[in-house]
Structure formats: structure tokens, C-alpha cells
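Read the figures in this text as sums done on the coordinates, not as results from a lab. Computed from a predicted structure; not experimentally measured. Cβ coordinates were reconstructed from backbone atoms using ideal geometry, including for glycine residues, and neighbour counts include every protein chain displayed.
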Amino acid sequence: MDSLGVLLVAPMNAYLEQELDRRCRLFRLWESPADRRDDYLRAHASSIRAVVPYALQGVDAAMIDALPSLEIVSSFSVGIDRVDLDACRRRGVRVTNTPDVLTDDVADLAVGLAIAALRKIPQADRYVRAGKWKSKGDFTLTTRFSGKRVGILGLGRIGLAVAKRAEAFDCPISYHSRSEKPFPKYKFYPNVVDLAANCDVLVVACSLNPETRHIVNRKVIDALGPEGVLINIARGAHVDEPELISALLEKRLGGAGLDVFEDEPFAPEQPFELDNVVLVPHVGSDTEETCRAMADLVLQNLEAHALNQPLLTPFSGKRVGIIGLGRIGLAVAKRVEAFDCPVNYYQRTKQDHPGYTYYPSVVELAASSDVLVVACPLNEHTRHIVNREVMEALGPRGVLINIGRGPHVDEAAMVAALLDGRLGGAGLDVFEDEPNVPEALLGMDNVVLVPHVGSATHETRTAMADLVLGNLEAHVAGKPLLTQVV
């Protein structure tokens, strides 16, 4: 990897910088004066093949345009809101982040901020340090976190981790997300105002995009109310900061615990003297263990890229297209949403799922997806619904997943596309001539093959057998069949 030219945009982690310097040809952007950085990029443009940004400083279209040799952006953060993904897609630049490894730390901090804000722990610490305990007596009474109704904005990895932690404090959990999740013990609210009106602590844990910018506005804050506490461990721009400050000053909001701000590192000064606010400097993932793990992920992704191997963190955030939004398709959609994957679909008619994008043709769906999942029933209209044209639209970075039926896919065209590098990879549970699998697939390292085991668990097969027996029993007894098809 020593020939890989890597631009580090800022000093973000000493271990990462040391390892990049040891393993790669490292360019430190901050060593150039701020007003000369365009000149710096031009001078090294042909050598820089990778950029490592982080939460405070990203990669915009101008930087991408200035680096004609750029191949990969490996972000030292889970959030990629500061990376121009559209510009990367247009250029074919790969993008990775550092999910999962920071989930626990950020969730820990969310609960810690809630307890600190409600129990006024920093204020109590200052009270003791100032000698006021001795001179003025006991500290003021506070309110407990245990049993509080916790609302979570965004039930992805971090949101779920927050929910699990809050449950341990006997806190009822409710949430808002683009669509309802398969967690029946958590109450879903279709809009943020209703969520805020029905919780005591509101935790912001969603990803930042144009739809979630200022998702916590005056209406939401007023719904949370003078007894409510807002916790933000996501991005500062999720919250309308002037409205938050006004609500805190006017006591329309009970309190806040903030790890992130709109214009970092410049936190607004008005809350500094308030005793109902806890402020920390974007440290959600700043533990030695997590920062080391994040740095290792960045390094491993760069090494995998340099060796032309699959990246280690490529799935989260991938655009998933689903052919057939029936029961199985919907179950797939709900699961991939937990990985922050935007969901698109094709079906004969548009379905009532506004959180998912509908495409009227399979080719358009494939062209707008990174992963294409076949989940429709097999009939004369869907036989070879995934043909050469669809695979060409999915492209050399796309992955085809078939858990429907083998004849949904033109198998010969798929094998050719995989051999020619026109299709990036495939995961196949079904084949056209089962149990015969095309031999050409057996030696490929970009394909996962399993022997039609989609429903092959003890629990599912027992349930299927019970349905067969139940239908036979109903037929003999002259009763309505349980699952009649014809």
C-alpha cells in the first residue's frame, strides 16, 4: 500500500496518522495555509488517490473535481453527510465509513447525557468543587431517569442501542423513523411532533440528510415541553439551534444534553451559564478503544482497495432495490433499513409505502440500486425478469441477490456478466435447474451460493408442516382452508 497517495484533511487521530504515514504516501492538508490549499491540491493532484475526512471536515464536489486520480474516500466517522455522495457516484469514487464499532460508545453517551441533564451531575460536581456543599448544605433535588418515557429519532444501529440501554432503566420506548420497524414492544409515531408530545426524553439518533435537517424545530421543542429533555448525539444540524436556545432561556424546554452543534467547534455561548444544559465537544465515539477500531477500519478499507479486494464496510447505506414488495420484500426492506439503506422497489403497481421509492421498470430500479434483491413470485411475466439489460444497469459495482426462484434470472446472461466484470457480484439461494448449479460460478470469489435454504430452519419448516396438516384437516372436515390459493 506504500504507493497509495492519501490526503488526510485534518489531524483527527494520532494512531491513524502514524499508520497512514508508515503504510502510504501521506499528504497532510492542514500543513498548507488555508488560503493556499487549492494550490496544494493542484500540486499533488496526480498523486492523491484516496482522501480521509472526518465528522468536522468532509469532501465536497470541488475537492473531488480537483483530484482527477481520486479512487476512494474512507471517512473516519460513521456519518457521511459531509461527503458529496452524488459527486462520488458520478466519478465512480468508492466511499466507506466506520459503522458498528462506535455504536456502543455513542449510545452510552446518549444515556449518560440524559442522566447528567436530569440529575444535574456536572452542576453537582461543580457544587462540591466550589466548597458549596460545606458552606450551603445539600444540593438541590433533581429528577430521575429511570422510568422516563424515551423517544428516539431514528431506530438504526445507534438508536436501537440507545433503546436497549434505556430499557434497562425501565423506560418505555417510542420512536419515529421513515417507516415502522419490526419491534412491536417499541411504539411507532409517524411524525416527530407526536413523538415529542409523548416522551420525557427525546434522543436524536438519525442520519443527517436534507429531510432530517432541523427535524427538531420549534413545534417539536414545544411538544417536548417544559419538563422534557432533548439529547442530541447525531449531528448539530438536526436541531434548529436558535429555537433550542430560545426555548431553554424561556424555560419552554426543560433541559438538553448536547454532543453536537450546528457550527462546530463553535458552540453557542448562551447555554454556558444555564444549569439545565450539559455540553460536551462531539465526543460520542472518542474512547481509546473505538477510535483505534475506527482507524483500523479506515486502514483496512484502504488496504482492501489498494489490493482490489472487497471493502470491509460497504453495505451500510447502500441503495437496495427490491423486485416485489410482497411479504418477503417488505421483510427485506425493514431489515436493510436498520443498516441505513435507502429502499427502492419495482412492482406491477405502486404500493402504499411512502418511505420507499417506486420505479416503474426493473431497468430503472437496477440503475438506481447498489444491491438488487429478487423477491417476487414466479410467473410468465417475471420469468427472466432479470435479464442482460437489467444486469448492465446494475453494473460492475452492483450485487444481485436472488431469494425468489432460479428462473427469475437469465442464468446464462448472469454468468457471462460475472465473468466479464459487468456485474460486481451475486448472492444466490436459487437456480434455474436445481440442484444443478452452473460450474462457472463455483470458482468465482465474488459470488455466494447456498442450496435453496431460505426457509430451512427448524421453526419455519415445522410451521409449514403444521399449515399443510391444518389445510388437510380443514378439507376433510368441510371447513374453509387456511391458505387457499385456488
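Helix 458-476 and the long axis of the chain differ in direction by around 60°, with both axes built from C-alpha atoms. Excluding same-chain neighbours fewer than eight residues apart, the lysines reachable from LYS187 by a Cα-Cα span under 18 Å are LYS148, LYS164, LYS334.
Charge dipole (Cα centre; +1 on Lys/Arg Cβ, -1 on Asp/Glu Cβ; no other charges) of the chain amounts to roughly 1000 debye. Amide hydrogen proximity for ILE152: with H placed 1.01 Å from N in the peptide plane, the residues at 5 or more positions away or on another chain lying under 5 Å are SER174, TYR175, HIS176, VAL203. With point charges of +1 on the Cβ of Lys and Arg and -1 on the Cβ of Asp and Glu, referenced to the Cα centre of the chain, which listed residue (ALA393, GLY329, GLN484) lies farthest in the positive direction of the dipole? Selected residue: GLN484.
Full extension of the chain segment joining LYS350 with ARG23 gains 112.7 nm, where the gain is 0.36 nm per residue of separation less the Cα-Cα distance. Between the Cα long axis of helix 14-23 and the first principal axis of the chain there is an angle of about 50°, rounded to the nearest 10. Ignoring solvent entirely, what values of log10 I(q)/I(0) come out of the Debye formula for the stretch 366-413 at 0.20, 0.32, 0.33 Å⁻¹ when each Cα is a single scatterer? Once normalised to I(0) and log-transformed, intensities are -0.59, -1.29, -1.32. What is the helix-to-structure angle for 411-420, meaning the angle in degrees between its Cα long axis and the longest Cα principal axis of the chain, kept from 0 to 90 and rounded to the nearest 10? The helix 411-420 is inclined about 60 degrees to the chain. The peptide list 272-278, 135-141, 298-304, put in order of mean Cβ contacts within 10 Å with the highest first, becomes 298-304, 272-278, 135-141.
When the charge dipole of the chain is built from unit charges on Cβ atoms (+1 for Lys and Arg, -1 for Asp and Glu) and taken about the Cα centre, the candidate among LEU469, LEU208, HIS408 whose Cα reaches farthest toward its positive end is LEU469.
Rounded to whole numbers, the Karplus 3J(HN,Hα) couplings from phi for the stretch 237-243 are 6, 5, 10, 6, 4, x, 5 Hz, using 6.51 cos²θ - 1.76 cosθ + 1.60 with θ = phi - 60°, and x at Gly and Pro. Projected over all directions and averaged, the alpha-carbon convex hull of the chain occupies 29.1 nm².
For the stretch 102-279, the Cβ-based charge dipole about the Cα centre amounts to some 620 debye (Lys, Arg positive; Asp, Glu negative; other atoms uncharged).
Expressed in Å, the radius of gyration and Dmax of the Cα atoms of the stretch 320-449 are 13.7, 42. With the convex hull of the Cα atoms taken as the outline of the stretch 102-279, the averaged projected area works out to 10.3 nm². Within a straight-line Cα-Cα reach of under 17 Å, LYS132 can be paired with the following aspartates and glutamates, leaving aside sequence neighbours fewer than 8 residues apart in one chain: ASP275.
Start at zero, step by 5 Å, and the Cα-Cα distances of the stretch 131-209 spread as 3, 15, 24, 21, 11, 6, 6, 6, 5, 3, 1 percent across the bins.
Dipole orientation for the chain: of the candidates TYR40, TYR359, LEU449, TYR359 has the Cα lying most toward the positive pole (charges on Cβ; Lys, Arg +1; Asp, Glu -1). Charges were assigned to the Cβ only: +1 to each Lys and Arg, -1 to each Asp and Glu. The resulting dipole of the stretch 320-449 about its Cα centre is roughly 460 debye. Of the peptides 28-39, 108-119, 219-230, the order by per-residue mean of other Cβ atoms within 10 Å, starting with the highest, comes out as 108-119, 219-230, 28-39.
Which residues among the stretch 290-310 fall inside the zone where the amide N is under 11 Å from a point 7 Å beyond the Cα of TYR15, along Cα→Cβ? Residues 290-297 qualify, since their backbone N sits under 11 Å from the label point. Per-residue ellipticity at 222 nm, computed for the chain from helices alone with -39500 (n - 2.57) per DSSP H run of at least four residues, works out to -10000 deg cm²/dmol. Distances between placed amide hydrogens fall under 5 Å for ILE322 paired with ASN344, TYR345, TYR346, VAL373, all partners being 5 or more residues away or on another chain. Using a ≥ b ≥ c from the Cα gyration tensor of the stretch 377-445 (square roots of the eigenvalues), is it rounded, prolate or oblate, where a/c under 1.5 gives rounded and otherwise the larger of a/b and b/c decides, a/b for prolate? It comes out oblate by the Cα gyration axes. Annotation: peptides 4-12, 125-133, ranked by per-residue average of other Cβ atoms within 10 Å with the highest first, follow the order 4-12, 125-133.
If R0 equals 25 Å, the separation of the Cβ atoms of PHE183 and THR462 corresponds to a calculated FRET efficiency of about 0.55.
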